[in-house]
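Chemist: The structure is given below, and queries will be raised subsequently.
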Amino acid sequence: MIEFLDLRRINAAHEPAIRAAADRVLASGWYVLGAENEAFEAEFAAYCEAPHCVAVANGLDALHLVLRAWGVGPGDEVIVPSHTFIATWLAATQAGATLVPVEPDARTGNLDPARLEAAITPRTKAIVPVHLYGQPADMTPIMAVAERHGLKVLEDAAQAHGARHRGRRTGSLGHAAAFSFYPGKNLGALGDGGAIVTADAALAAKLRELRNYGSAVKYRHDLQGVNSRLDELQAAVLRAKLPHLDTENAHRRGFAARLTAALQGLPIGLPAVQAGNEPVWHLYVIRTPARDALQAALKARGVASLVHYPTACHRQRAYAGTAWPALPAAEAWAREVLSLPIGPHLALDDAERIAAAVRGALQDIGQPARTLAAA
Ligand SMILES: *Cc1c(COP(=O)(O)O)cnc(C)c1O
């Protein structure tokens, strides 16, 4: 079986450094908001080529706290992609804001900048583009539209640590960016974790208060904050893994290139990389209307796969109470996407094994590769 993800194996590659990090924290006697957190924040900001990093408890909090810090609340509209993980939506509704979903670009699945301007109203406060599957959203036109309308842009970079758009890292493209260190992300902790990266010093200072009971000085509370902190153990683990992130991302890129080469000519949609983007391939997502049959046939051939995501956000029961506009593109992506295995747990030549299984599985379900005559 080619596993979709193998966190035991991924973390085993860092075991001595992770054990040393855990020993250091245990011996320090200081477990929340200490030296490891501060060092990780500096190191992750430098990695993102951005001035400030504020670590928090998870990616959803990172998104939500930025919106709160910007004063986004009831009566305000937040533009989100219609095709994303639900956390992007939850961050805005947790702040009390009204969601305005925008459909994806047909090739990349990321928020389509061409549809952005039509979604802006006098109530719009912020845009939250998602760097979905590890590929940066088309940030250049998104920032141009935002600047024209005086809007804030929050990158949802939970799947895109280290990716670049026109040479610049995610985290340095919008007014702020939210990252997740959930174990399965490209940079994953041994539990939950998250961070905000920004060039805005005042925003960073406010977030430091918000994450810690609204307090900058012990027992003085200027804001009604939350408890959302990255504990020292997770910060130390992330510090052990961060120096290897570029190597692991390069492995993903090489793996994706081999998959793309080996999957040519099959009746499936392959992931498209936009010119100027350097994705980090959190997921390798193909498209086919025969998704469910292909997934079952792949499993029978020993290749695991997952669906990101099977239900569009507006079709979730959590959002059933709202009269959404028609969002056919989001629904088509939800119906047709299939994520193939990719990651540091796989050897490069597993790419050809996966592609061979896809080719065979398509035959199994009666959708063989196009013959030359038919092509
Ligand atoms: C994982 C993820 C989040 C949420 O991160 P958590 O740390 O799990 O809260 C937000 N947005 C996207 C796109 C994600 O993939």
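Chemist: Which of the residues belonging to segment 63-75 are within 19 Å of G150 (Cβ to Cβ) and more than 16 Å from the ligand (Cβ to nearest atom)?
Modeler: Listed by number, the residues that qualify are A69, W70, G71, V72, G73, G75.
Chemist: Looking at (1) within 14 Å of the ligand (Cβ to nearest atom); (2) touching an Asp or Glu at 6+ places or on another chain (Cβ under 8 Å), which is the one condition that is false for Q135?
Modeler: (2)
Chemist: A further question follows. V78 passes all but one of (1) surrounded by 24 or more Cβ atoms within 10 Å (Cβ to Cβ); (2) within 10 Å of the ligand (Cβ to nearest atom); (3) not small (G, A, S); which number fails?
Modeler: The failed condition is (2).
Chemist: Would you mind listing the helices (runs of 4 or more DSSP H) fully within segment 1-65 where at least 3 residues are in contact with a helix residue (DSSP H, G or I) (Cβ under 8 Å, 6 or more places away or on another chain)?
Modeler: 15-28, 35-48
Chemist: Just wondering, is there one or more residues in segment 282-289 that are surrounded by 20 or more Cβ atoms within 10 Å (Cβ to Cβ), part of a loop (DSSP other than H, G, I, E, B) and within 16 Å of the ligand (Cβ to nearest atom)?
Modeler: Yes, segment 282-289 contains a residue that is surrounded by 20 or more Cβ atoms within 10 Å (Cβ to Cβ), part of a loop (DSSP other than H, G, I, E, B) and within 16 Å of the ligand (Cβ to nearest atom).
Chemist: Quick check: is even one residue across segment 130-150 aromatic (F, W, Y), assigned by TED's automatic domain parsing to the domain that holds A45, closer than 24 Å to P271 by Cβ and not in a helix (DSSP H, G or I)?
Modeler: Checked segment 130-150: no residue is aromatic (F, W, Y), assigned by TED's automatic domain parsing to the domain that holds A45, closer than 24 Å to P271 by Cβ and not in a helix (DSSP H, G or I).
Chemist: Quick check on A114: is it of a type in the set (G, A, S), near the ligand (Cβ under 10 Å from one of its atoms) and either in contact with an Asp or Glu (Cβ under 9 Å, 6 or more places away or on another chain) or in the same structural domain as E36 (by TED's automatic domain parsing) (or both)?
Modeler: So A114 fails the test.
Chemist: Just checking, does segment 66-77 include any residue being part of a helix (DSSP H, G or I) and without any contact (Cβ under 8 Å) to a residue 40 or more places away in the chain?
Modeler: no
Chemist: Say we look at segment 81-95 and pick out the residues that are part of a helix (DSSP H, G or I) and out of contact with any His (no Cβ under 6 Å at 6 or more places or on another chain); which of these is farthest from the ligand (Cβ to nearest atom)?
Modeler: T93
Chemist: Could you grab me the full set of residues in segment 200-237 that are surrounded by fewer than 20 Cβ atoms within 10 Å (Cβ to Cβ), in contact with a His (Cβ under 9 Å, 6 or more places away or on another chain), among the small types (G, A, S) and not in a helix (DSSP H, G or I)?
Modeler: Within segment 200-237, G214, S215 qualify.
Chemist: Give me the pairs, please: first residue somewhere in segment 35-49 and closer than 14 Å to Q234 by Cβ, second residue anywhere and among the β-branched types (V, I, T) and surrounded by 24 or more Cβ atoms within 10 Å (Cβ to Cβ), beta-carbon distance under 6 Å, and either six or more positions apart or on two chains.
Modeler: none
Chemist: Something else: Tally time: how many residues in segment 254-278 are touching an Asp or Glu at 6+ places or on another chain (Cβ under 8 Å) and surrounded by fewer than 19 Cβ atoms within 10 Å (Cβ to Cβ)?
Modeler: Residues meeting the conditions: 4.
Chemist: When only residues in segment 157-182 that are more than 19 Å from A201 (Cα to Cα) and not in a loop (DSSP other than H, G, I, E, B) count, which is farthest from the ligand (Cβ to nearest atom)?
Modeler: Once the filter is applied, the top-ranked residue is R168.
Chemist: Find the residue count for segment 353-375, including only residues that are β-branched (V, I, T) and either at pLDDT below 95 or more than 33 Å from the chain's Cα centre (by Cα) (or both).
Modeler: Looking only at that region, the number is 1.
Chemist: Residues to consider are V130, V145, V100; find the one that is within 13 Å of the ligand (Cβ to nearest atom), at pLDDT 95 or above and farther than 16 Å from L65 by Cα.
Modeler: Checking each option against the conditions leaves just V130.
Chemist: Only residues that are of a type in the set (D, E) and either more than 15 Å from the ligand (Cβ to nearest atom) or touching a Pro at 6+ places or on another chain (Cβ under 7 Å) (or both): list them for segment 25-62, please.
Modeler: Hits for segment 25-62 are E36, E38, E41, E43, E49.
The values are calculated or read from the model by the stated rules, or taken from the named source; none is laboratory data. These numbers come from a predicted model, not from an experiment. Neighbour counts run over all protein chains shown; Cβ positions are idealised from the backbone, glycine included.
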